[in-house]
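Worksheet: the structure to be examined is printed underneath.
The values are calculated or read from the model by the stated rules, or taken from the named source; none is laboratory data. The structure displayed is predicted, hence computed values, not measured ones. All Cβ positions, glycine included, derive from the backbone under ideal geometry; neighbour counts span all protein chains shown.
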Amino acid sequence: MTKSDEFEELRPMLFAIAYRVLGSVTEAEDAVQESWLRYEASPTQPTSPKAYLSAVVTRISIDVLRSARVRRETYVGEWFPEPLLDDPYEDPQRSAELADSVSMAAILLIERLTPLERAVFVLRGVFAFPDPEVAVLQGVDVDALRELLAADVQMVGDGGGKAPAFARAVVGADNVARVLATAFPAMAAMEATVQQHDVNGQPGAVLRDSSDRVVGTMSLDVLDGRIQTIRSVANPDKLGHLGPVADAWAMTRAMKDSRRTRD
């Protein structure tokens, strides 16, 4: 199946996601079209086109919604979502939830959420996307993150001299929380995804770039509900069996550039 065929097959779902996030038919159609352009330009074929495209259209919708909210603050009178006569996405097993979620009442209700909360609600609550298919989203609550970490948590990395890694372990909940809170939004800006997956029998994740190439893995030591150690592997020699490997140095440089741009 060609990229075009796969995209057209997923287009109704992508529009449905974008409309529920944006409340605008026109903006949803634009978000879907932009998703196609990014998918077409991607040099590699993602393992899961559905996961990749749903992440892309969600990120685009979040960006559009943030700018749209500025306009809505000066909107004259009551703001209602653009009327949708026919929802192109059909799922007989979830028809009731889908019908409810597209109602004006539902969209006006979730309009009160932040763009990030709204996107997560749509993906998880409406479309039942499991966590592995929900991409990294911007906006890290440092205090909430710190609560997940043991006071003496350590973050250590294996780059083998061939990929960025910490020369020394990052120690302490405050320090580790700050590192993660800085890294996650930067990865989101680079359209990276974190796919939850057990690593060596422990809870962890596989980090992939926007082209679905493997950047590294993370595994967690958890005791009494707190993360004790975060171990990352970025050495490309140890990642080839997981799929095409990304240039971690290039991604790190791009993340730093992204942070400088935001600052």
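Condition check ((1) surrounded by 14 or more Cβ atoms within 10 Å (Cβ to Cβ); (2) modelled with pLDDT under 90) across all residues:
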position: E6; (1), (2): yes, no
position: L10; (1), (2): yes, no
position: Y19; (1), (2): yes, no
position: E27; (1), (2): yes, no
position: E34; (1), (2): yes, no
position: L37; (1), (2): no, no
position: E40; (1), (2): no, yes
position: P43; (1), (2): no, yes
position: A51; (1), (2): yes, yes
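Within the stretch 110-208, which helices (runs of 4 or more DSSP H) (wholly inside it) include 1 or more residues that are at pLDDT 85 or above, surrounded by 20 or more Cβ atoms within 10 Å (Cβ to Cβ) and in the same structural domain as S219 (by TED's automatic domain parsing)?
On the way: elements: 115-120, 142-147, 173-189.
Here the list reads 173-189.
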Some residue of the stretch 219-230 being among the hydrophobic types (A, V, I, L, M, F, W, C), surrounded by 18 or more Cβ atoms within 10 Å (Cβ to Cβ) and at pLDDT below 85: no
Selected residue (only one of I60, I17 is more than 23 Å from A246 (Cβ to Cβ) and outside the structural domain of L242 (by TED's automatic domain parsing)): I17
